1. Of the residues in region B:196-217, how many are within 13 Å of the chain's Cα centre (by Cα) and assigned to a helix (DSSP H, G or I)?
2. Within region A:118-143, work out how many residues are more than 7 Å from chain B (Cβ to nearest Cβ) and either crowded, with 21+ Cβ neighbours inside 10 Å or part of a helix (DSSP H, G or I) (or both).
3. Of the residues B:48, B:151, only one is more than 10 Å from every other protein chain (Cβ to nearest Cβ), assigned to a loop (DSSP other than H, G, I, E, B), more than 21 Å from the chain's Cα centre (by Cα) and surrounded by 14 or more Cβ atoms within 10 Å (Cβ to Cβ); which?
4. Can you find a residue that is assigned to a loop (DSSP other than H, G, I, E, B), at pLDDT 95 or above and under 21 Å from residue A:120 (Cα atoms) anywhere in region B:120-131?
5. From the list B:205, B:141, B:158, which residue is touching a residue at least 24 places away in the same chain (Cβ under 8 Å), away from every other protein chain (no Cβ under 12 Å) and over 30 Å from residue B:260 (Cβ atoms)?
6. Among the residues of region B:166-184, which ones are under 12 Å from the mean Cα position of the chain (by Cα) and under 20 Å from residue B:56 (Cβ atoms)?
7. Could you go through region A:93-108 and let me know if any residue there is buried (at least 18 other Cβ atoms within 10 Å of the Cβ), within 10 Å of chain B (Cβ to nearest Cβ) and either without any contact (Cβ under 8 Å) to a residue 24 or more places away in the chain or touching a strand residue (DSSP E or B) at 6+ places or on another chain (Cβ under 9 Å) (or both).
8. Can you find even one residue in region B:17-33 that is in a loop (DSSP other than H, G, I, E, B), surrounded by 21 or more Cβ atoms within 10 Å (Cβ to Cβ) and either within 14 Å of chain A (Cβ to nearest Cβ) or out of contact with any helix residue (DSSP H, G or I) (no Cβ under 7 Å at 6 or more places or on another chain) (or both)?
């Protein structure tokens, strides 16, 4: 084949990729932060609630988990403003979507963690006179966190990669930057090689950081 | 040491407590009074309701009928007639008056030995960190673990964990201490160190109700022994009486014979 790799054009437009990566991270961090709040609140609610609330929360989780993210992104960005009079930017729309999406996955992670906290520990919390709220904060959540950390790390990495879907509504994150360079330079192999490397390095860096946190917590088992 | 006294009001008064899990009756009209300073040991075959009874005393389990009072105060219900359950906040306050030590230790794994003891002192008793820390250190000293204050449960042996469990319970200055088969999960060589701590607490006058299979310890440390069978109290009295080989109580004799056969 007569294809010679030439990265010069990529480096000339590298700011599109670098800026894109930073935006990807920003989208992921904000969405995951909101998702954690959604996940924690719903998981705690779920384990102490009756049938009706449980069914509603399970419905939300099942709905999100069985619909492709890209469809949700379209639905929120194009669908919602059509129905109700509400204007928002593409990045905002994506953050809303990914937050609701990550929330559903995190409910599952947190719920299974909460249910895995040994009953004996809760009994011990009761026996020293802690109120239900104190038992949640000082006994149940710390143990739940340590149980769920490995699963959490995987979910976070996965959600970071999901930010690439934002490119379909022209949010200028990393994948969108790569597409832009491809359209303007036709160096398809080079640009996707570089982009892949950037996802890979960032993903590994995240995983490494999360493993450090895990190890710190595991030491405290 | 006080025996079952009729003139001083009982610290713990269990009256006709019954409980069923579905069709299975686990407690059948159990009545028992424990005076201040008494050490009452509950023995009996597994499934006889010993642990359930103990867990009713601090309302880790609810019961269907009857009344349990500590210092004259109904434990789980606002009123034994209407059987209206206390609020969670009330229950927490009631439970803070009893200490409990568990078979499986149940230490909080994310907290150090001192941290385990300090949690109740700071959150329930409202003590400052410094005050709680010094109380924790005092009790860790009492159970021979002063040097392990900053160790996590995972870094301690079973016997050490259980001694922290005892320190966590008594540091709250409970009116009564409940011990639920606290040596059953321990390797035989670690049992002694835990029982020594219990004995020293008994000598201090701590009121205790314990479920145990350590017959020799029960004989030496108890004011009274309660023998439970099929959810009811089948025999109760001073150790010498209850553990006497010539007892006329058929069930008790079978239990003791089987026990001697398997433990000696």
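The values are calculated or read from the model by the stated rules, or taken from the named source; none is laboratory data. Computed from a predicted structure; not experimentally measured. A quick note on method: Cβ atoms are made from the backbone with ideal geometry, for glycine too, and the neighbour counts reach across all protein chains shown.
1. Final tally of qualifying residues: 3.
2. Going residue by residue through region A:118-143, those that are more than 7 Å from chain B (Cβ to nearest Cβ) are A:118-119, A:122, A:125, A:133, A:135-137, A:140-141.
After this cut, where a residue has to be either crowded, with 21+ Cβ neighbours inside 10 Å or part of a helix (DSSP H, G or I) (or both) as well, the list is A:119, A:122, A:125, A:133, A:135-137, A:140-141.
Qualifying residue count for the region: 9.
3. When all the criteria are applied, what remains is B:151.
4. Checking region B:120-131: at least one residue is assigned to a loop (DSSP other than H, G, I, E, B), at pLDDT 95 or above and under 21 Å from residue A:120 (Cα atoms).
5. Values: B:141 fails: touching a residue at least 24 places away in the same chain (Cβ under 8 Å); B:158 fails: over 30 Å from residue B:260 (Cβ atoms).
Result of the check over B:205, B:141, B:158: B:205.
6. Passing the criteria: B:169, B:174, B:175, B:176, B:177, B:178, B:179, B:180, B:181, B:182.
7. No, region A:93-108 contains no residue that is buried (at least 18 other Cβ atoms within 10 Å of the Cβ), within 10 Å of chain B (Cβ to nearest Cβ) and either without any contact (Cβ under 8 Å) to a residue 24 or more places away in the chain or touching a strand residue (DSSP E or B) at 6+ places or on another chain (Cβ under 9 Å) (or both).
8. For region B:17-33, residues in a loop (DSSP other than H, G, I, E, B), surrounded by 21 or more Cβ atoms within 10 Å (Cβ to Cβ) and either within 14 Å of chain A (Cβ to nearest Cβ) or out of contact with any helix residue (DSSP H, G or I) (no Cβ under 7 Å at 6 or more places or on another chain) (or both): absent.
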